[in-house]
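> I have a structure here, written as structure tokens, and I will follow up with some questions on it.
The values are calculated or read from the model by the stated rules, or taken from the named source; none is laboratory data. Since this is a predicted model, take the numbers as computed values, not measurements. Cβ atoms come from the backbone with ideal geometry, glycine included; neighbour counts cover every protein chain shown. Protein only, heavy atoms only, side chains kept; ligands, DNA and RNA dropped before computing areas. Shrake-Rupley method; radii C 1.70, N 1.55, O 1.52, S 1.80 Å.
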Amino acid sequence: MANEHTEFATRADAFEASEDVPANSSPANTFGNVVQARYLGRRSLLKGMTAVAAITTVATPMSMLISRAAHAAARPFTFDEIEHGIDETHHVAPGYSADVLIRWGDPVLAGAVKFDPAGQSAAAQVSQFGYNNDFVGYAALPFGSQNPERALLCVNHEYTNEEVMFPGIARQDMIGFRDMTRALVDIEIAAHGGSIVQVEKVDDKWRVSEDRTLNRRITANTPMRLSGPAAGHARMKTRADRTGTSVRGTFNNCAGGMTPWGTYLMAEENFNGYFWGKLSQNHPEARNYKRYGLPGKWYAWGKYYDRFDVAKEPNEANRFGWVVEVDPYDPNSTPVKRTAMGRFKHEGAETIINKDGRLVVYQGDDQRFDYLYKFVTAGRYDPNNRAANRDLLDSGTLFVARFDADGSLTWLPLVFGAGPLTSANGFGSQADVLIETRRAADLLEATPMDRPEDVNPNPLTDKVYVMLTNNSKRKVGDENAANPRGPNTFGHIVELSPPDGDHGALTFGWDILVLAGDPEKPGAGAKWGPETSRNGWFGSPDNCAIDGQGRLWVSTDQGSKWPKTGTADGLWAMETEGAARGSGRMFFRVPVGAEMCGPQFAPDDKTLFVAVQHVAVDGAKAWPPFGRDSSYVDPATRWPDFDPNMPPRPSVVAITKDDGGEIGS
Ligand code: FEO
Ligand code: CA
Ligand code: CA
Ligand code: CA
């Protein structure tokens, strides 16, 4: 089979490049020469003027400035940072321990089959921890507690790397999936999705609990329900599901979120890569599928299962690209795809309870020139009645962001019948608007961003942090106020300020926190805080977390481009307030070929869980001591076991401070 991705060194590069789908090729909102003034100017203006003068200049509401100043100051970071670098293992700041908690293949379900990577089967994999752990959520046990030492960890398994999973199997998308048997495809299907696993801290060390009664594996084959405005629509119906309300599985779950009522949100990201086949150009879904890069043809699933072939089951792909809500406290519950939250390549879905009780979910669409979204529920969260919150995510308004050069952000509602979202443009209902969220957002002239990844609200300051990972395709002249570099090799972080902490507001303020890259290389155009040390800067911010003091932590995913910074991916503490604002400090580093995912603090800040993904894969060739692509028999590292009979294994790591204190200070 012809393959379009042979030029890409890694699966992640193929992911990124598939993003050159005819997505948003003519970016709206290009502000040309106001860009420079905007991104260089506003912070220096604010620094140099009285608050009143600054308000007059940039029209920032007084309430925003007051809320910024009013909250209690977080403690400064006091750990000794580690150095940039790359080698076969992980590194953490001195005085901390980073212990592997659970690895690909470790038992999840009671009676799980013992891991035998050379003789893996789907039946074994479905009882074991899946591949490529990404999002990590913490659901304290018992439900409703803030227990910092016992929880259900909710972990996404984003994708699979067959070349390091299976003996004798090379990268298959490069050779027409020649060697992909049904048995191997079934293992991949079972290695995707998520794991819910009970963990506990005993004698200061974390372990997987003996009690496995609540443990669960969710896979690309788990029965799920579709709900919300697109459920039951004709475009959601298939031969296997005449009602358009039930679907099997979830995949490419990247980041996610947890709701205040203790459910786990799994964000479906690069779903297009799992479909193959051909759709004729005049097929009614052709325009829709083109906008999402469908079919991507990165996996062989369509070889054995008709539903992954768009020619045979053209509507199946409309049933992916959503956010899935799972109740981790009930292992028999049916996961639900909440269509009201839109269909795109969701990086994550981080939540905050607005002061009026509505839930607000921030979501990035991770593709070059795609958009930032928020979903605001119609109903209010009821802390005293969990059942009343069960379907809160089915009703509400999805908004997409337009960033203006004056430092304001306007949230544009994606509502059928409003503005251009009418039959004249091919939308017959809210279901159509949601199924084609991207095209609806194009018509609203949202601001094309540099690959929006994780978006985290800070519950202590009410600011919101948007990770924009990079955009090699943004050209000089395509810059806009919020994406000021073309090309954007290293990414940046944007800070949003809801007025008076109102996340439901239609207009926010915004500012650039950092422009990533090497501050000592003028050509990089980087902008960091004054206390950024030699190792405090990074490239390609991806996931982030807020600790209990309201401090920001940022993890990176450079893919095979890591030589541009000279360091493996890692986790950095980021100052967001005061004189040191925008300064970074390196805390953790992953082994060669890996990506840093899932930063998640326990409720007492004494444990930080991180997910080490695709170990030995990305950019192994560029690492001089190895200098070639990894394979199962010949990987760049055998982290974390360093056992000649074990391949590298994506793993979740629990980081604790040796003196038992809080992480970072
Ligand atoms: Fe799966 Fe956008 O990273
Ligand atoms: Ca990511
Ligand atoms: Ca996050
Ligand atoms: Ca990424």
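> Within the accessible area of the chain, what % is carbon and sulfur when the probe is 1.4 Å and the other protein chains stay in place?
The computed percentage sits at 52.
> Need one number: the % of Cα-Cα pairs in the chain sitting beyond the 31 Å mark.
48
> For segment 304-379, what is the convex hull (Cα atoms) projected area averaged across all directions, in square nanometres?
For the Cα atoms of segment 304-379, the hull's average projected area reads 7.6 nm².
> To the nearest 0.05, what FRET efficiency results for Thr78 and Arg380 with a Förster distance of 45 Å applied to their C-beta separation?
Once the sixth-power term is evaluated, E becomes 0.70.
> Okay, moving on. Starting from the Cα of Lys355, draw a straight line to each of the lysines and keep only those under 19 Å, dropping any in the same chain fewer than 8 residues away.
Here the lysines satisfying the reach criterion relative to Lys355 are Lys374, Lys463.
> With every protein chain present, what is the per residue accessible area of the chain (1.4 Å probe, Å²)?
I get 33 Å² per residue for the chain.
> In whole percent, what relative contact order does the chain give with Cα contacts below 8 Å and a gap of six or more residues?
17 percent.
> OK, next. At most 15 other Cβ atoms within 10 Å and a DSSP loop assignment: could you name the trypsin sites (Lys or Arg not before Pro) in segment 435-480 that fit?
Lys475
> Could I ask something else about it? With a 1.4 Å probe and all protein chains kept in place, how much accessible area does Arg103 have, in Å² rounded to the nearest 10?
Roll a 1.4 Å probe over it and Arg103 shows about 70 Å².
> Using a/c under 1.5 as the rounded threshold, could you call segment 252-407 rounded, prolate or oblate? The axes a ≥ b ≥ c are square roots of the C-alpha gyration tensor eigenvalues, and prolate needs a/b larger than b/c, oblate otherwise.
oblate
> Counting only protein chains, not ligands or nucleic acids, how are Phe626, Phe416 ordered by accessible area (probe 1.4 Å), most first?
Phe416, Phe626
> Using label points projected 7 Å from each Cα along Cα→Cβ, tell me how many nm separate Ser423 and Lys237, to one decimal.
2.0
> Residues with beta-carbon under 10 Å from that of Asp211, excluding Asp211: net charge, scoring Lys, Arg +1 and Asp, Glu -1?
0
> I need to check one value: relative contact order of segment 199-346, counting alpha carbon pairs closer than 8 Å and at least 6 residues apart, in percent.
26
> Something else now. Provide Glu81, Glu163 ordered by accessible surface of protein heavy atoms (probe 1.4 Å), highest first.
Putting Glu81, Glu163 in descending order of accessible area: Glu81, Glu163.
> Which of the three applies to segment 530-665, rounded, prolate or oblate, going by the alpha-carbon gyration tensor with a ≥ b ≥ c and a/c under 1.5 meaning rounded?
Cα axes put segment 530-665 in the oblate bin.
> Ranked from the most accessible area to the least, with a 1.4 Å probe and all protein chains present, what is the order of Glu285, Glu350, Glu520?
Glu520, Glu350, Glu285
> For a 18 Å ceiling on Cα separation, which of these pairs sit above it: Lys278/Lys345; Lys521/Lys621; Lys345/Lys475; Lys521/Lys564?
Check vs 18 Å cut-off fails for Lys278/Lys345; Lys521/Lys621; Lys345/Lys475.
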